């Protein structure tokens with residue numbers, strides 16, 4: 001459901017620092033039924049932001065706000081890191097923060113049922129539950145009166161923060177989507193260890209057959225690692241919401257889908273169908289079934305826990321993945337820290353066959369959607385909005401992305417530059433560096449410009465830019481890219497201009513009230529799908545068709561067509577709501 005980042009060492013900095021190394025998606029990331037979210041592609045790399053105020057809130061009396069964020073951040077240091085210390089100094093605000101671990105949707109449901117809320121909430125796709133319960137407030141007036149930086153950054157896109165066409169309140173300030181973004185990091189697709197493609201002579205990795213052959217041939221030569229432990233061909237991550245990211249989303253992405261959560265949306269008519277009902281996806285899962293039958297699929301793919309999955313990756317035994325870099329990044333960072341760069345991963349635009357294009361860079365425009373809310377029980381909404389507004393300032397955006405000037409970067413001829421010794425530490429010990437620096441911690445807590453956007457000085461807001469990304473690559477990674485005639489992994493993927501921008505953003509990002517029948521039916525379909533897909537993949541090949549047909553009938557019996565009709569209305573309503581942008 002969601003879609004994100006890797007420069008192996010340096011871009012893993014951003015992914016890890018944001019805590020999205022363990023995110024959902026969501027979305028792509030995808031949580032609670034939403035997608036692998038990657039940020040959107042909007043104005044482009046030459047986009048320059050308007051000059052804005054950097055003023056911190058005028059009231060600096062110390063205050064502590066409680067907060068819950070659906071996404072994990074294992075590196076959170078209780079605001080003892082470099083970035084957070086400056087944030088506290090500038091605003092007087094300390095966050096007593098809790099982060100989602102296993103099932104953030106359950107946490108949000110408990111809040112809504114009990115009426116007990118922290119001051120600040122990032123509920124992502126579960127915001128509807130809080131709206132229905134009266135747990136969050138309309139932020140429209142607070143933004144207009146106290147948030148000049150937020151208004152400046154969002155500009156004409158503030159309209160996209162509205163909840164629905166029927167209820168045009170702003171219950172969450174969009175922080176997951178970035179303004180004026182051009183993505184430069186290919187963190188999705190299918191992943192292969194560098195040693196696998198090197199051993200195969202750098203073959204084209206374009207279809208699932210190419211991917212399968214590379215793994216199969218390597219395992220035939222090297223069935224075990226240097227310690228005699230069995231190498232693993234392909235491992236999937238199905239632990240809770242990560243099922244979306246590693247198992248179900250890729251089925252759509254590999255067959256021409258556009259990362260619309262659990263739906264496939266016709267780009268001309270906006271008609272939505274539950275994407276598993278597309279016949280072509282049956283063939284994708286048949287391919288996974290075949291991988292299992294050949295012993296190329298990790299037999300624990302549907303039973304191991306997330307920490308076990310990461311441990312396998314960190315062992316260096318897993319040759320292939322189908323995931324997002326923010327999800328498997330901690331395991332890969334362990335490999336880099338151990339100097340096992342041959343066993344880190346490259347990202348390839350794999351699809352079922354060459355009739356399809358991998359759509360990681362399909363432009364969505366500014367998506368609005370997921371963001372930060374203020375609860376109905378918050379003790380000082382005005383102080384909170386001013387705090388959030390400071391984080392949207394240029395001053396803090398640069399601090400969050402680059403760190404402290406003189407310590408994490410320097411200015412050379414008017415350009416921000418990461419010193420070689422700092423970059424070396426990032427590449428070798430990213431986890432410790434991130435925890436100490438705090439760089440990236442506030443990415444999904446703040447309104448911000450995206451990759452490729454430039455500040456008024458002409459510098460990029462983020463490190464995910466063409467100048468910085470290659471600096472984080474290991475020598476092995478550079479060797480592999482050069483063999484494929486590429487400088488970055490994005491060079492291997494279909495580009496933005498090969499697609500038409502989606503006028504509704506992304507399906508996973510559409511807010512649906514929790515009490516709506518679409519939401520209720522979606523939970524029912526999820527339960528069926530999460531049972532049937534593993535069953536079909538792990539079955540004997542001769543049993544696959546029977547199981548799949550039973551699965552499809554079960555969806556029909558459960559009301560999938562009614563759900564599709566309801567979601568289609570939400571897509572069309574969003575198109576109508578967002579059309580107001582161009583009318584201004």
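Put in order of Cβ neighbour count within 10 Å, fewest first, the listed residues 383, 286 become 286, 383. Each label point was placed 7 Å from the Cα along the Cα-to-Cβ direction; for residue 479 and residue 60 their separation is 5.3 nm.
For volume of the Cα convex hull per residue in Å³, the value computed from the atomic coordinates appears in the list [x] 133; [y] 253; [z] 166 under label [x].
Modelled spin labels at residue 169 and residue 491, positioned 7 Å past Cα toward Cβ, are 5.1 nm from each other.
Stretched out straight at 0.36 nm per residue, the stretch from residue 88 to residue 411 would grow longer than its current Cα-Cα span by 113.8 nm.
In the chain, what percentage of the DSSP-assigned beta bridges are antiparallel, given to the nearest 5?
Values: 22 of 42 bridges.
Once the DSSP bridges in the chain are tallied, antiparallel ones form about 50 percent.
Calculated from DSSP H runs of 4 or more alone, at -39500 (n - 2.57) each and per residue, what is the 222 nm mean residue ellipticity of the chain, nearest 500?
Details: 20 runs with 218 residues, N = 584.
My calculation for the chain gives -11500 deg cm²/dmol from helical runs alone.
What list do you get for 79, 367, 525, 411 if you sort them by fewest beta carbons within 10 Å? Please report the intermediate quantities before stating the final value.
Numbers: 79 17, 367 27, 525 20, 411 12.
Taking fewest neighbouring Cβ atoms as first place, the list is 411, 79, 525, 367.
Each peptide in 239-247, 478-486, 91-99 gets a packing score, the mean of other Cβ atoms within 10 Å over its residues, and the list from highest to lowest is 239-247, 91-99, 478-486. Here each label is just a point 7 Å from Cα along the line to Cβ, and for residue 271 and residue 523 those points are 3.0 nm apart. How big is the gap, in Å, between the Cα center of the stretch 532-566 and the Cα center of the stretch 215-270? Result: 19 Å between the Cα centres. Here the residues 373, 315, ranked from fewest to most Cβ neighbours within 10 Å of their Cβ, fall in the order 315, 373. Can you figure out the FRET efficiency of residue 98 with residue 132, using R₀ = 30 Å and their beta-carbon distance, to the nearest 0.05? Approximately 0.85, to the nearest 0.05. If you take the Cα centroid of the stretch 91-167 and the Cα centroid of the stretch 469-495, the two points sit 38 Å apart.
Only the coordinates and a few stated rules stand behind these numbers; no lab work does. Computed from a predicted model, the values in this text were never measured in an experiment. Neighbour counts run over all protein chains shown; Cβ positions are idealised from the backbone, glycine included.
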